[in-house]
Amino acid sequence: MPSATGGAVPSATGGAVPSATGGAVPGPLTVLPVAGIGEIGPGDDLATVIASHVELADGDVVVVTQKIVSKSEGQMVPVDPDDPDDRLRVVEAQSVRVLRRRGDLVISETRHGFVCANAGVDLSNMERGWAALLPEDSDRSARRIRDGLRAATGREVAVVVSDTFGRPWRKGVVDVAIGCAGLAAVVDLRGTRDANGRDLVATEVCVADEVASAAELVMGKASSVPVAVVRGVDPAWLRRGSVSDEILRPPSEDLFR
């Protein structure tokens, strides 16, 4: 199977294989960077662009960065690059609640329900004088791209829209899912048993975030690779999926609000 960049990649079926103890262990995963996407602008059809740069297979998860989704949907606003207060006004306009401030950093909740730095307003990899906003509805964006890829390729794939978030009490940033379609956002393992036969009572795995983070390893932050394909995920994970419905924690379950 050719890779997104034209080379050969290992086979990854995604099925479970027998373990030494007679149970099952996950099959191998392959993460492919999709090079050559180029600059994206308002109105560009991301599905068509992606399909022209990679050969997809059924069961693939296509991870697309928020930045090009926002650009294609026209989610950009002008900002004065020499006026920090102008950027702050945009951040406050995109926030429904400000949790903390430190210097020019604002931790706030967006109307989507995300708690993140600067309400997701991003100046990186943008033309000077412009800021990218989060998509209006990232789950809907993922569904639109997925439908377009199905029409363009005939393949049944999943789509994750990813963005970079910090994490409380830990240094460093990671990519997480802010939208998904065709992939379970959370896999609920409650009621199953661990390797020692004990019942799991609280384990819910956010596989959409894990897939987004895996994809970021081949995207990087300065390599102009805004799309990656994760191949070989468990077929049992391939279902409707929604970040809004499955990942965002309601205030009644939040110990810190």
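No lab work stands behind these numbers, since they all come straight from the coordinates. Nothing here was measured: the structure is a model prediction, and the numbers come from that model. Note that we place each Cβ from the backbone using ideal geometry, even for glycine, and neighbour counts take in every protein chain shown.
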Notebook entry, point to check: What per residue convex hull volume, in Å³, comes out for region 136-257 when only alpha-carbon positions are used?
Noted result: 156
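With a cut-off of at most 15 other beta carbons within 10 Å, and DSSP calling the residue loop, which trypsin sites (Lys or Arg not before Pro) in region 46-132 qualify? Please list them.
111, 128
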Notebook entry, point to check: Assuming R0 = 35 Å, what is the FRET efficiency of residue 193 and residue 248, from their Cβ-Cβ distance, to the nearest 0.05?
Noted result: 0.80
Note to self: Please list, in order, the residues from region 226-257 whose amide nitrogen is less than 14 Å from a point placed 7 Å along the Cα→Cβ vector of residue 202.
What the structure shows: 254-255
Item checked: Counted charge near residue 44, where neighbours are those whose Cβ lies closer than 14 Å (Asp, Glu -1; Lys, Arg +1) -> 0
Next item on the list: Using a cut-off of under 19 Å, list every residue of region 107-145 whose amide N is near the label point 7 Å from the Cα of residue 255 along the Cα-to-beta-carbon line.
Entry: 115
Item checked: Rg ratio (alpha-carbon, reference 2.2 N^0.38 Å) - region 41-195 -> 1.17
Note to self: What distance in nm separates the two pseudo spin-label positions at residue 92 and residue 111, each 7 Å out from Cα along the beta-carbon direction?
What the structure shows: 1.8
Next item on the list: Counting only DSSP beta bridges with both residues in the chain, tell me the antiparallel percent, nearest 5.
Entry: 90
Notebook entry, point to check: So which DSSP H runs in the chain come out at 15 Å plus along the axis (Cα) with average Kyte-Doolittle of at least 1.0?
Noted result: 207-219
Checklist line | Cβ crowding within 10 Å averaged over residues, with 159-165, 212-218 ranked highest first | finding: 159-165, 212-218
Next item on the list: Report the local net charge at residue 155: Lys and Arg +1, Asp and Glu -1, summed over other residues whose C-beta lies under 15 Å from its C-beta.
Entry: -2
Next item on the list: Express in nm, to one decimal, how much length is gained between residue 77 and residue 39 on full extension, taking 0.36 nm for each residue of separation and deducting their alpha carbon distance.
Entry: 11.9 nm
